[in-house]
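FYI, it's all coordinate maths here, none of it is from the lab. As the structure is a prediction and not an experimental result, all values here were calculated from the model. FYI the Cβ positions are ideal-geometry reconstructions off the backbone, even for glycines, and counts take in every protein chain you see.
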Amino acid sequence: MRVSAGWPTVRQEREVVVKINEGGFDRVLRIVIGGVLLALAWKGTIGAWGWIGVVPLATGAIGMCPLYRVLGISTCPMKKAN
């Protein structure tokens, strides 16, 4: 980083923390269901509605479900921090 006039440049780093609220079984199930829906949509078997499989696939890969967060649900076996 460049220092001008003897003043150090302050670099701020942002840390993005995703609170996981899905357990292992839940994540695997979402990934499988999402993958199956996408494959069926790709083949044209179930039509355009199959592309909704992107949602469970993405939430399963990330491990965080926004709907679970809104409803206060967690299938993750980790203890909640107070």
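Modelled spin-label separation between VAL32 and LYS19, with each label point placed 7 Å from Cα along the Cα-to-Cβ direction: 2.9 nm.
Our estimate of slack between ILE46 and LEU71, defined as 0.36 nm per intervening residue step minus the Cα-Cα distance, is 6.0 nm. The share of Cα pairs per 10 Å bin across the stretch 31-71, counted from zero up to the longest distance, runs 34, 44, 20, 2 percent.
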